[in-house]
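**Student:** Take a look at this one; I'll ask things after.
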Amino acid sequence: MTDATTLDLQPTLTWSDDLVLNMDKMDQTHREFVDLLASTETAPDDKLIDSFIELIAHTEEHFSGENQWMQDVDFGPGGCHADEHEMILKVMREALRRGQVDGNLPLVRQLTGEIGVWFDGHAKSMDAVLAMYLKEVQYDPVTRIVHKPQERPEGAAPPECGVPLDETQAS
Ligand SMILES: [Fe+2]
Ligand SMILES: [Fe+2]
């Protein structure tokens, strides 16, 4: 029998120092996200949907916060970063629908594990590049003031999504 109880489940992703991006607001949100993701993935069946709904609400805030920052600082590759957020939310909402309408709880649980794998990569690429840029332009997420705005050189292509900024372009 593979009658696993939730006590046997281990979350795919747990918080670790290599997820720290040294931007307090982002790190705090990411930590909450990883904790919510883990508690959803290991939730008993009767708590799974409620936990997933909470996770989606948190994710909506998490992503819209980053999208706002990208707009505030006129972040070059913001479009593709925001597109990835939207794609993940779309998949989550569809999984919720199938969990609620079809009672497909294994799908919801499996997706939370896959999101753990996705997030590990997203945080270390797109979010890492964003955090670095926000620090470079001295953006304050509380006041939303950009203290050291940067002009992109005329004609220069915006940096690619998830690819660290070319140091040689920095003046
Ligand atoms: Fe993020
Ligand atoms: Fe992000």
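Taken together, the values in this text are just the output of simple stated rules run on the coordinates, not laboratory data. Only a predicted model underlies this, so the values are computations on that prediction, with no experimental measurement involved. Positions of Cβ are generated from backbone atoms using ideal geometry, with glycine treated the same way; all protein chains shown enter the neighbour counts.
**Student:** Could you grab me the full set of residues in region 42-67 that are of a type in the set (D, E, K, R) and either out of contact with any Ser or Thr (no Cβ under 8 Å at 6 or more places or on another chain) or under 13 Å from E32 (Cβ atoms) (or both)?
**Tutor:** Listed by number, the residues that qualify are D46, K47, D50, E54, E60, E61, E66.
**Student:** Restricting the search to region 93-106, which residues are of a type in the set (A, V, I, L, M) and exposed (fewer than 15 other Cβ atoms within 10 Å of the Cβ)?
**Tutor:** Selection gives V101 alone.
**Student:** Moving on. I need the full set of residues from region 108-133 which are of a type outside the set (D, E), more than 12 Å from ligand 2 (Cβ to nearest atom) and surrounded by 12 or more Cβ atoms within 10 Å (Cβ to Cβ), in order please. Full working, then the answer.
**Tutor:** Going through region 108-133, the residues of a type outside the set (D, E) turn out to be 108-113, 115-119, 121-126, 128-133.
Now narrow it down to the ones that are more than 12 Å from ligand 2 (Cβ to nearest atom): 108-113, 115-117, 132-133.
Within region 108-133, V108, R109, Q110, L111, T112, G113, I115, G116, M132, Y133 meet the criteria.
**Student:** Can you tell me which of V73, V34 is among the β-branched types (V, I, T) and within 30 Å of E151 (Cβ to Cβ)?
**Tutor:** Only one candidate qualifies: V73.
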